[in-house]
1. Please work out the Cα center distance from region 52-101 to region 190-206, rounded to the nearest Å.
2. Using label points projected 7 Å from each Cα along Cα→Cβ, tell me how many nm separate Arg200 and Asp7, to one decimal.
3. Sort 119-128, 9-18 by packing, meaning the average of other beta carbons within 10 Å per residue, with the highest value first.
4. Over 20 Å between C-alpha atoms is what I'm after, so list which of Lys74/Lys119; Lys119/Lys190; Lys114/Lys190 land there.
5. Sorted by packing (mean other beta-carbon atoms within 10 Å per residue), highest first, where do 74-87, 96-109 land?
6. For region 5-56, restrict the atom set to alpha-carbon positions and state the Rg and Dmax in Å.
7. Measuring from centroid to centroid over Cα atoms, what is the spacing of region 117-133 and region 9-43 in Å?
8. Report the Rg/Rh value for region 1-115, based on alpha-carbon coordinates and the Kirkwood definition of Rh.
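Read the figures in this text as sums done on the coordinates, not as results from a lab. Owing to the predicted nature of the structure, the values given are computational and were not obtained by experimental measurement. Cβ: placed from backbone, ideal geometry, glycine included. Neighbour counts: every protein chain shown.
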Amino acid sequence: MLRIDDDYLPGSDLTYLAFRISFQETLERIVLSRQVNDGNGEYGYLTEVPFLRGVAPHVQLDLLADCWQKHSSKRDFEATLIDESIIYAICETAARIAEDEPTVITHGLITGPKTTRIKVDAFLPGELRNLHLRLANEGDFLLISQFEDMNPDDASDLKMQFGLDEPRFEEMFDVLGRWTVDPGMSANLKGLLTEREIVRAGFVISEVLQPRTARD
């Protein structure tokens with residue numbers, strides 16, 4: 001279970017949908033980008049959070065898998081700022097796709113490992129956005145980009161004025177430079193993807209990692 005303050009991320013069909021659609025769409029963008037070799041590395045669900053636009057897409061998938069595992073667990077996990085960013089980003093991503101490409105939502109539900117009662121209609125985008133709007137987060141992850149170009153001392157003063165916990169932001173900087181993924185990523189995706197989809201995702205990500213590994 002994933003907790004933000006005293007609120008728990010609901011274990012609902014909508015939550016499952018937001019995670020699943022965001023993962024699948026980001027994975028497909030990775031495949032497409034490699035096919036056309038467009039050199040654009042800034043895509044994926046986390047681009048909804050300005051500060052995290054530069055996170056490598058396959059790392060975005062790893063972070064999503066970890067967040068899903070926490071959400072699916074019977075243990076109580078206090079959400080990190082990365083987790084809060086992911087929840088916001090997947091809800092916004094899924095809502096946008098529900099508005100623009102509802103057939104993608106329908107296909108994602110039909111092919112997934114879980115049977116749901118979700119109606120793909122005009123109300124779905126609002127329902128998806130309400131998932132994160134109802135949680136007790138203060139959107140600190142959206143504020144951090146404002147401090148990037150500021151003098152460090154001025155930025156620290158402003159963070160204190162906003163009551164922001166600076167140590168919590170460290171992980172946000174850490175993921176910007178990440179390239180590798182957790183060896184347990186596939187296990188973390190249980191319940192979100194089918195076994196076949198998990199195997200395919202692992203293959204796609206291994207193909208992304210192979211060139212960098214060879215150069216290193």
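1. Each part's Cα centre sits 17 Å from the other's.
2. 3.4
3. 9-18, 119-128
4. Lys74/Lys119; Lys119/Lys190
5. The peptides rank, most packed first, as 74-87, 96-109.
6. Here Rg and the maximum Cα pair distance are 13.9, 45 Å.
7. The two parts, judged by their Cα centres, are 18 Å apart.
8. 0.97
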